[in-house]
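Following: one structure in structure tokens, then a few remarks.
Bear in mind these aren't lab numbers, they're just calculated from the coordinates by the rules spelled out. Given the structure is predicted, the values throughout are model-derived calculations rather than measurements. Every residue, glycine among them, receives a Cβ derived from its backbone with ideal geometry; neighbour counts consider all protein chains shown.
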Amino acid sequence: MRAIVLVAAHLRLSAALTTGPVGVNAALLSLPIGAEVEGFRSTHAFTAERISARPAVFVLRNFLLPEECEVLVAAALESGELSPAETSGGTDARKRCDVCFLDGAAPVVGALTREVAHLLLDADALTLPGTGSELLNVLRYEENGEFLPHYDATASPRVLTVLYYLNGNGATWFPLAVEEDSIDDSIDDSIDESAGGVNSRVTSRAAAMELAAALEPHRDGCVFEAHSAGDALAFFNFDERGAAEARALHAGLPVAEGETKWVASHFFQVPALVAPRETRAMETRARRMKYVGEETARRAAAAAA
């Protein structure tokens, strides 16, 4: 396992850079599939491993300390604000899940946000206008709870997603992940059935959803499983052009019988790195989802009257 040095909260690795998604720290970007490196937070060491070329997905083992996980779960429980999670557009993609939102004033959150941004994002991205993080989402999934295949950057420039597994339970599936960046997804705007499976060309989110419906976890794509409380998963939602990465489709797999999953999701926005065409598309989707959400609430209120 190669060692990397943390200097002023940055990962540094002497290796040739490769083309990759916008916003990613150069040290992570240079990691080959399956290679592990050691990194250092201000409090302890962790290991980073790249498990997918597209989307760029990195496993961060022991990223949070056990006491940090306990603090975040306690903060969610004590907030009194855990409530059923809603999804964009009012869909039922997320099942048996409660969520609360913690800001930077909550224990652990502020320092963690700053450290993660400097560890995982490119140094230049940190200086761009509009760069920042959303509130930390702390989620509790009950037995059989799941989040069906979805995208994180549907209506906002979420360049980076980080998932923290707070009690060591949980698995996340990327149905279209590939280990080699050799598939040309720019040929057309449909699925190339002749390629088959995850090797099919995917140039739109609609095509990705259609293809993923025929795929299976542990057979197709890649699955990350938490080994212990404090494990984390980081992935990037846009490609090197600032266009949406269609292969960033992912799902939270069902929680096992008798189990509960505590996870926190952290979204980092870098709007200046997103292509103008994507920005316009996200704005359109945001307006559409707002309308759908308002209409759903109106109908629910009318039915209850």
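Footprinting exposure proxy ranking of Thr284, Thr203, fewest other C-beta atoms within 10 angstrom first, gives Thr284, Thr203.
Each label point was placed 7 Å from the Cα along the Cα-to-Cβ direction; for Glu216 and Glu179 their separation is 2.0 nm. The label-point distance for Thr260 and Ser204, in a model that sets each label 7 Å from Cα toward Cβ, rounds to 4.3 nm.
For a paramagnetic label modelled on Glu134 (point 7 Å from Cα along Cα→Cβ), amide N atoms under 19 Å away belong, within the range 152-183, to 152-166, 172-174. Sorting the segments 104-115, 162-173 by their residues' average number of neighbouring beta-carbon atoms within 10 angstrom, most packed first, yields 162-173, 104-115. A simple packing score, the average count of other Cβ atoms within 10 Å per residue, orders the peptides 234-245, 130-141, 214-225 as 234-245, 130-141, 214-225, with the highest score first.
Full extension of the chain between Glu283 and Ser42 gives 83.0 nm of extra length, using 0.36 nm per residue less the Cα-Cα distance.
Placing R0 at 35 angstrom, the Cβ-Cβ distance between Asn144 and His118 gives a FRET efficiency of 0.40 after rounding to 0.05.
Restricting the GluC sites (Glu not before Pro) of the range 77-114 to loop positions (DSSP other than H, G, I, E, B) with no more than 16 neighbouring Cβ atoms within 10 Å leaves Glu81, Glu86. Protection proxy ranking, highest mean first, for peptides 38-44, 22-28: 22-28, 38-44, where packing is the per-residue count of other beta-carbon atoms within 10 Å, averaged.
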